[in-house]
Every structure is written in structure tokens, then in C-alpha cells.
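Below is one structure; the comments refer to it alone.
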Amino acid sequence: MNEQTNPAAGKGIAAGQPNQATGNTPVAGQPSQATGNTPVAGQPNQATGNTPVAGQPSQATGNTPAAGQPSQATGNTPVAGQPNQRTITGQYGAYDLRQLPADLASRYGAHSWHNQRPDLSVVSINPGQLRDALTWLRDQAGYVHLSFATAVDNIEHGVFTLTYALRNHAVNHAINHAVSPSAGHTTLHSAGQATVYSAGQAALNSTGQAAAHPVATGTSGHSLLVHADVDRSRPVVDSIHLLWGQAWTYQREMKEWYGIDFPGSPRVDEEFVLEGWEGPPMMRRDFDSLAYSDATYAERPGRTSHDPAVYMKKSLYPEPEAQS
Amino acid sequence: MKKDQKPPIPPAERATLDLDSGKYLVMWQGPNHPGITGNMSLRLVIEGDTVVDCETHVGYLHRGFEKLMERRLWMQNFPLVCRIAVPEPDFNEYCYAAALEELAGIQIPDKAVWLRTLSLEMIRLASFLMWIGGQAGAFGHGTIAQWSVTMRDYVLDLFEELSGGRIYHMYIIPGGVRGDVPPGFLRHVLETMDTVQQNLDDIELVMFHNVVYKMRAQGLGYIPPEWVDHYGITGPNARAAGIRRDLRKDLGYLAYPRLDFQPIVGGVSDAYERSWLRLQEMYQSIDLIRQIVDCLPADGPVREKLPNPLHWKIPAGETYVAAECTRGEYGFYVVSDGSDKPRRVAVRGPSYTHAVAVMERLVRGVNIADVAGLMVSLHTYPPEVER
């Protein structure tokens, strides 16, 4: 395309330079215009332990705050086990994410905190306090994004394990970054040199004694899977449709697929995916889809199926004819 | 819409309507309708030619994937997962494979990391090319659809050369990718990228500077930035509202930390801005593909040796692996109980919120003729709602 003949060259983008949009809309690399919780460069980071763990080779990004990130680092001496502080500024002021496991435990009786990945943690909460805990996580701890909600049928324990996946976009891993190549190994998804972390020493662990920094420089965000075990014989859970605008869809799905009730949720009793379904909730483990299909639907003539092992055995090693 | 006019924001509450009053008309759009993306239907209540209420109905393409996966071996699920989002199966393959690798503790070779990134970017481009045809077609520009679907076919030719399949590739498998690039493939990639880029320049000229397209798309389906967190909006729909979130940057998975790109951010998330932003992301994908071709290691293994897939037991655990697909956050939540079959595989598709909750609210007050353009501008794929 000839730029000179372009009637709106000001909004155009030069061929071969897709990352350098010069127009007014949309602009590449423009800083976030979000009014939410996204940290903005220039925001003071009150990191107290912006230091690498003792015994590790000092990295360029380990004890020196990166340019453009004013950091009031007070701990200049490398101390083993010194936690790196991650303060996020939320709607109601600053919150230090290191306190999250302890806060959830003391406020809502959360237990079984577990770091699956440096940017993914799992915690269990009593279903009675689930809505309060999710509200607090959203409003105070910065977990503003509901990725999904689903359930797992743990039939052996007689419970449905509800899972709410929340995401905190504001955790900025570029602020506190220290790598420990000696104790670490490469992440599973990104084999780059920048993403070296040590297993088990994740950003947020249950004691708050975070050490090495597990995630790639420049990445951000932390995901939290919140579990709640609901009695399988009486599955009723508080609805969170007022917290997130799309939550009622997930609740409708769980009602239809598992039979978990969410009183007050909009249209929760309507059919969602399985229109005209008359069987039991189909995602329960004790629902046998094959047996249901055999019992419900008629056989269509002209269709036969063979067990592959039996069929191949018969065709390869035919039975010797009986001697008369 | 006038230039200084603010796009209207639909009300949060549904209106109470007396359908027997004779003032309203109830009309179904879909499930088989050119203005609907995929198999889905909208139950519209119309007053004059304005939509006053909408209910989405999904389920026409429900195939029970999540239930089926619980009955199959880990490896047998691969032909299933790629069919969850038909126009871009590779994101399913990547998320599922990465979740298995994380649970089983498998590290993939560096060349596989690059080839996965190449595969994901190529399918991103192909999916956007299909979308832009639908977006233009919804406003009466059928020619654009013919151009862009041709370009998509050229990209699918590349996939055929790489993996043997045009639509479902099953190229990304646990432990890496299925094979190395064939001889001459990278040259074909670069040639195709040149062709597609030329065509995108034409599309920009014809579509985005067309006065009819501008008048109909500007101000349509305005998403305020406050909705992004409230409704869980991700991807280009959120970035067009000025929220700088791109999981390729935020999660830093695969080779993305080693590529040079910045998330593209817009300002006012209406249908025009979203389509404009996606056009820029197509250019960005072309640039990323060129970078990947430059950086691709010449040799090295492309996959890690796996245990016997028929007796492969994944250690007990759970994880959630997400990736940035064309529509936003695409994720797989995988739970293993230590057996040879998954306990639970849950798919998080971005259309779950875009096509249902957001769509139902945005469509209130829209002219009936613009419903199709609005729906396409959200870039929804109903199959991932139903799974």
C-alpha cells in the first residue's frame, strides 16, 4: 500500500512495522489507561528485601532496582530467606500479598495453601465463608478477574469440590526479580534463560518466607484457585452473581451439569446446554454415559461395532474348524 | 454516531416487558443464521426495529467433551481437545499438553518451544483472517470475506505442509511437537506472510476507510473499561477498552519473552475500535512469525521421550494453564487423581463471558440490523461455551 495515497495515513500502520503504530487509535506500547489496579511505572515500591538470597551469585536485576522503578530498598545485605515484598495498590489502599495465606487463614479459615506454580496457588475455604472470602479477595487483595468457576466430583469423599479461578493482574514480577540458577530449573512452559526458578520456593508460600523469584522478568499477575468442598448429598452454595457479571453463567452450568444449586442466581433453573435433557446431572461421576445412551436411545440399524482386540484376533488367528 | 457523542451504555437490569401488549415482537436469530458466529441463537425482543431484550441460547453444538475426556486415556484426548474451538485448535492442544507436562514434570526441548510458538501465531493469524471476513460480511462487504478466506487458506496450506492437517493439526503433543519443519517450509512461511500482508493493506484501505463501515461500526457495542473486570473480559475486547493485558506478556509462556512485541491497546472499545485493533494484531502476528522464523534453532530435538502413552499415569495434582488466544484468555484446568485418565478437564473459553453475559447486555438498544455486526465484533465461538 502506498502511504501517500492512503486517505487516513495518520491512522495507518507502516508495512513491516506492526509494533510501532503511530496513530491515535490504537497505540502500541501505550501505558495502561486502566483506572483499576494495574501498577503504574513511577509508583513507589516499598520493597524491603529487594535482595537475592545469600549464597547465590548476584544478578543484575537482583539487588538493583530496575530503572524507572523507584524502590525504597532498605535491605541491602543479602539475607537468606528474606522475603521480597509485593505491595499492590488496590481500591482500598495498599495490600501486601505476602500476608495473603495468613490473612485468608485467620479471616476465613482457609487451609491447604499450595503453590502449584510461582504464578498459581491453590487454597481451600469452607463453603459457608466462600462468598465473603471471594468478596474480600476481589476488593482488598486485588483478585479482580474471575477466570472461570467449575466443580470436580470427588465422589470418594462425598463432596463436590468447587473451584473458582481468580487472577490478580497487579502483581508485577519485574519489581522484585532475583534468579537462582544454582537451585533452580527451567520452567516447564518457557525454556528461556530468563525464567529460571527454584521449585518449592514460590512467590507466595504458606509461611510468607518467599525467597527466589520464580517467574520471568516483565511478566505479571498471580492466579489463585479457591476450592470449596460441598456436601454431595445437599449441594447448595451461595451465589456470587453480584460479584462478577458473568458468574451466573458458570453457576447455571454447574446446576445443570452437577446439580449444585445456587439460590438467587439469575436463570439458574433454566436449561443451559442440555435442552430437553431428562437424565441425572451428566457430569457426576456416578452417571454412566454409555449405559444411559444404551438405555435411552434406540439402536440404528446397519451399525455394528467390534472390539478391536477381539476382531483382530479373530481375523489373524481364525478358530480351527471343529473335527467331526 | 457524532464525533463528540459518547456511546450509549446499555442498562444493567433487564426491563420487565409485557409481551402480550402487542408492542413487541419476539424473534429468534439463529441457530442457523449468517449473522451468528457458529451454532448459537439469540431470542430477541424487538420494539420497532430496536432490540429491547435478549436471551442467549447455547447447546446446539454440545458434544460432551469434558465428560468424554474422563473416560479416555490422557493421550486419547488429543483428538478431542482440538475440536473444542474449531477455527483455532492449536490453543487447545498447547494448553492441554502444557498442563500434562506440568503435572508429569516433563521439560520440552528448546526447538519445540519455538515451533509451538510458530504454530500458535500462525493459527492466530488464520483465525483473525476468518474473523475479519465475518466482520466485513456482517456489514455488507462480502468481497473482504472472499479475500480474507483465501488468505486463510494460504495459511492453512502451511499447516498442511507442517502437520498434514488443514483444520485439526494435532501438531503440539506432550513432550514437544510431532515433527520438525519440512525442507523449504520456512521459505514458504515468509512468502505467505508477504502475500497476507499485502492483502491486509488492501483490506485496511477498502474496509476501514469505508464510510458505511465507519458509520455503522463506530459507537456500536461500546464496552466501558469498568466492565472488563466485572465481566471477566479478556483479549482484544479488553485491550480495545484501554486495558493493557496480554497473557503473552503477562505469563511469558513459550518463546514470547524472547520476542519483540508490545500489546496493542485502544481507547474506546466499540465495534470499529475492536476490529481496528484486531487488524493491528494481524500485522503483529505477521511480525512475530517473521521473528520466530529468524530465531528458530536450526537443529535439535523437537520432542522429549514419553512413557508408553497407553499406560501413562499422570501423578495426582491439578493445574490451570492459560494462553492468549485470538479472543482472550484460553485455559485448561486439569485435575489428575493419579490414574491413567483425567479426573476433570475444564476448558475456560473467552466466549463464555463474551458471547453470553456481555452479549446479552450489549445488544439492548441496538438496531436489529446491527446485531450480527455486534456479535462478530466480540469474536465469539459458541463451541467453547458448550464444550
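A short reminder: the numbers here are calculations on the coordinates, not readings from a lab. Remember, predicted model here, so these are calculated numbers, not experimental data. As a convention, Cβ positions derive from the backbone with ideal geometry for all residues, glycine included, and neighbour counts pool all protein chains shown.
Listing for the model above:
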item	result
Positive-end extreme of charge dipole, the range B:253-387 - chosen from B:W312, B:V265, B:A255 (charges on Cβ)	B:W312
Convex hull of the range B:10-104 built on C-alpha atoms - directionally averaged projected area, nm²	9.4
Student exercise, the range B:35-135 dipole from Lys, Arg, Asp, Glu Cβ charges, in Debye to nearest 20	460
Charge dipole (debye, nearest 20) of the range A:223-324; +1 at Cβ of Lys and Arg, -1 at Cβ of Asp and Glu	220
Computed Rg/Rh of the range B:281-352, alpha carbon atoms with Kirkwood Rh	1.11
Between 0 and 90°, nearest 10: helix B:89-104 axis offset from chain B longest Cα axis	50
Cα centroid separation, the range B:62-98 to the range B:237-302 (Å)	24
Sites A:T304 and A:S106 - FRET efficiency at Förster radius 60 Å, r taken between beta-carbons, to 0.05	0.45
Alpha-carbon Rg/Rh ratio, for the range B:76-219, with Rh computed the Kirkwood way	1.05
Folded to 0 to 90 degrees: helix B:271-295 orientation relative to chain B principal axis, Cα	20
Cα-based helix-to-principal-axis angle, B:185-203 vs chain B, degrees rounded to 10	10
Nearby aspartates and glutamates by direct alpha-carbon distance to B:K67 (threshold 12 angstrom, same-chain neighbours under 8 apart not counted)	A:D153, A:D286, A:D288, B:E386
Sum of -39500 (n - 2.57) over DSSP H runs of 4+, divided by residues of chain B (222 nm, nearest 500)	-12500 deg cm²/dmol
Value of Rg/Rh across chain B [Cα atoms, Kirkwood radius]	0.98
